[in-house]
Amino acid sequence: MPAISASAPGKVILFGEHAVVYGRPAIAVPVTEVRAKAIILAEPLAAPGSVRIEAPDIGLRAEMRNLPPNHPLVRAISLVFTALGVSRSPAFSVRVTSTIPVASGLGSGAAVSAAVIRSVAAFLGKPLPDDQVCALAYEVEKIHHGNPSGIDNTVVAYLRPVYFVRGHSPEPLVVGQPFTLLIGDTGVRSPTAHAVAGVRERWQADPAGYEAIYDRIGEIAEQARRAIEMGQVEQLGPLMDDNQAWLEKIGVSSPALDRLITAARQAGAAGAKLSGAGLGGNMIALAAPEKVPEVARILLATGAVQVIQTEIKPV
Ligand code: PMV
């Protein structure tokens with residue numbers, strides 16, 4: 001039997017992170033330049049039910065039954081077995097690799113889950129539709145942090161820009177006019193759970209103040225949605241800057257993010273903000289085509305460990 005593989009892209013949140021946990025809208029897009037991949041091989045010589053998991057990037061090579069049930073890879077595979085009513089699968093090995101930096105706002109956990117879920121289901125002869133991949137990946141996201149909004153698993157499962165409100169079906173976002181983003185990595189790893197918990201504590205201490213900020217961020221996401229759909233790219237930069245100002249107020253920016261964001265703006269970016277949980281991880285800058293080389297150069301000169309260029313275009 002030939003190997004079966006599936007992959008899933010990274011993602012960035014353009015507008016609305018954190019406020020999305022509290023029910024406000026957010027916008028996210030896939031980043032296909034980085035990907036998680038899962039390759040499955042049948043192991044006809046191993047006993048039925050045996051599943052070997054290999055993830056060389058994190059030095060993991062183990063039998064699934066020897067790993068804890070809440071290990072994200074174990075959980076992803078078990079969820080597929082349950083969804084498909086498989087009590088004992090034919091023996092297989094799954095090898096997971098990823099070029100998406102971990103804990104840096106690019107949705108690495110959700111992409112790994114989506115790739116594993118899709119490949120295991122395909123191996124079992126029952127490929128899953130996007131909505132089910134999304135739902136199962138959401139269950140795994142709960143391990144990464146207790147209260148995920150669901151935006152990460154949604155954008156990587158549906159493979160297209162989405163306008164997302166927690167608890168609602170995602171709405172595909174029509175992109176009226178392509179635009180280019182530069183994604184700059186501070187190199188500082190920042191677990192989502194930590195940033196989300198910090199925001200929650202501050203929200204509990206000042207619910208009215210934080211709810212008002214979430215409202216403002218939600219309005220920015222709404223305005224951005226209209227601008228993206230109408231192809232009014234010139235409106236997006238100021239909206240990104242505005243969103244960043246509110247993210248700073250809720251305490252999720254960081255000196256390394258601020259440095260890259262300021263440098264990008266000075267180099268001619270139309271707007272810049274952190275993306276994802278913050279406190280490290282990645283920032284995004286919107287740059288007109290003629291500004292892209294200079295903004296990328298300045299980001300690297302200011303300490304970005306990696307700069308990814310991606311074009312957001314109509315699907
Ligand atoms: O840092 P990431 O890629 O896990 O994105 C987190 C986005 C948050 O809004 C901060 C959390 C969430 O669950 O939506």
Please give the FRET efficiency for residue 130 paired with residue 300, using the beta carbon to beta carbon distance and R0 = 35 Å, rounded to the nearest 0.05. 0.45
Could you state the principal axis extents of the C-alpha atoms in the stretch 34-104, from the largest down, to the nearest angstrom? 36, 25, 21
Given the Cα-Cα distance of residue 216 and residue 87 and 0.36 nm per residue of separation, how much length would full extension add, in nm? 41.6 nm
Stretchable slack from residue 147 to residue 54, in nm (0.36 nm times residue separation minus alpha-carbon distance): 30.7 nm
Under 1.5 on a/c is rounded, so check that first for the stretch 260-315, then, if it is not, pick prolate when a/b is larger than b/c and oblate when it is not; a ≥ b ≥ c are the square roots of the alpha carbon gyration tensor eigenvalues. oblate
The chain shape via C-alpha gyration tensor axes, a/c threshold 1.5: prolate
Helix axis angle, 207-230 relative to the chain longest principal axis, alpha carbon, degrees: 90 degrees
Kirkwood-based shape ratio for the stretch 158-202, expressed as Rg/Rh from alpha carbons: 1.08
Ascending count of other beta-carbon atoms within 10 Å, so fewest first, for 141, 17: 141, 17
Give me the number: length gained by fully extending residue 45 to residue 206, i.e. 0.36 nm times residue separation minus the C-alpha to C-alpha distance, one decimal in nm. 52.0 nm
Which order do the peptides 27-40, 229-242, 78-91 take when ranked by the mean count of other beta-carbon atoms within 10 Å per residue, highest first? 27-40, 229-242, 78-91
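The numbers here are math on the coordinates, done by the rules we state, and not lab data. Nothing here was measured: the structure is a model prediction, and the numbers come from that model. A quick note on method: Cβ atoms are made from the backbone with ideal geometry, for glycine too, and the neighbour counts reach across all protein chains shown.
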